[in-house]
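Since the structure comes first, as structure tokens, the remarks are kept for the end.
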Amino acid sequence: MTPRTLAGGAILREARRGDEAGILACIQGLAVYEREPDAVENTVDALEAALFGDEPRVFAHVVERDGEIVGIAIWFVTYSTWTGRHGVWLEDLFVDHRQRAFGYGKALLASLAGVCVDRGYSRFEWTVLDWNEPAIGFYRSIGAEPMGEWTTQRLTGEALAALAATLDD
């Protein structure tokens, strides 16, 4: 991805080593916004390993303004058995609340749409909290559609360990 200059002199680019603390600060900002301020267990070291280790499986695009990371899009590659092609799953999108009037969120999403188009991927997907009306409105404004009838399922903690243990039964 070629870095792009955005409003206010910000730069949209792929994450690079040294961005981990700024990315983590955005993740923590997202957790506060999503009413889960104590939920983040991630660390700078874990981000460095995930994003820049031997076999990265997660990627990030960032918006940097005045030397500070003010927006992130963290994503990974998916695969659709129905289309037979890969896609992008957006794990986190966040723009610092002081930077939200400059189009940085849309630029981050457009950069991931560009990844999909450039690589021939068939889908670009993410979830949004049902109470997050500002985000839902924003997503509708760019043409995103909700996936009716689909509900995200998750296993964690004891339930995850219990299911894994059934292989030993």
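Readers should treat all values here as calculations from the given coordinates under stated rules, not as data from a laboratory. Computed from a prediction, not measured in an experiment: that's the story for all the values here. With ideal geometry, Cβ positions are generated from the backbone for all residues, glycine too; neighbour counts draw on all protein chains shown.
Given R0 = 41 Å, the distance between the Cβ atoms of Leu155 and Ala110 translates into a calculated FRET efficiency of 0.80.
Just checking the listed ones, Glu91, Glu64, Glu41: in the Gaussian network model of the chain with Cα springs under 10 Å, the one fluctuating most is Glu41. Under the convention that each Lys and Arg Cβ holds +1 and each Asp and Glu Cβ holds -1, the size of the dipole of region 23-169 around its Cα centre is about 760 debye. Averaging Cα coordinates gives a centre for region 1-33 and one for region 66-124; these two points are 12 Å apart. When the chain is described by a simple charge dipole with +1 on each Lys and Arg Cβ and -1 on each Asp and Glu Cβ, the residue from Ser111, Ala164, Ile74 located farthest towards its positive end is Ser111.
Of the beta bridges in region 4-149, as assigned by DSSP with both residues counted there, near 90 percent are antiparallel. Take the Cα of Val117, step 7 Å toward its Cβ, do the same at Asp66, and the gap between the two points is 3.2 nm.
For Phe59, what is the net charge nearby, where nearby means another residue's Cβ is under 14 Å from its Cβ and Lys, Arg count +1, Asp, Glu -1? Net charge in that neighbourhood comes out at -3.
Our summary gives the chain a relative contact order of 17 percent, counting only alpha carbon pairs under 8 angstrom and 6 or more residues apart. Placing a label point 7 Å from the Cα of Phe52 along the Cα-to-Cβ direction, the residues of region 1-21 whose backbone N falls under 20 Å from that point are 1-4, 11-21. Note on the chain: GNM, Cα springs under 10 Å; of Ala73, Ala39, Ala60, the largest mean-square fluctuation is that of Ala39. The packing ranking, built from the mean of other Cβ atoms within 10 Å per residue, places the peptides 100-110, 77-87, 153-163 in the order 100-110, 77-87, 153-163, highest first. Residues whose amide H lies under 5 Å from that of Glu91, counting only those 5 or more places away or on a different chain, are Ile74, Trp75, Phe76; hydrogens are built 1.01 Å from N in the peptide plane. Would you calculate a helix-derived [θ] at 222 nm for the chain, using -39,500 (n - 2.57) for each DSSP H run of n ≥ 4 and dividing by the full residue count, to the nearest 500? Result for the chain: -10500 deg cm²/dmol, rounded to the nearest 500.
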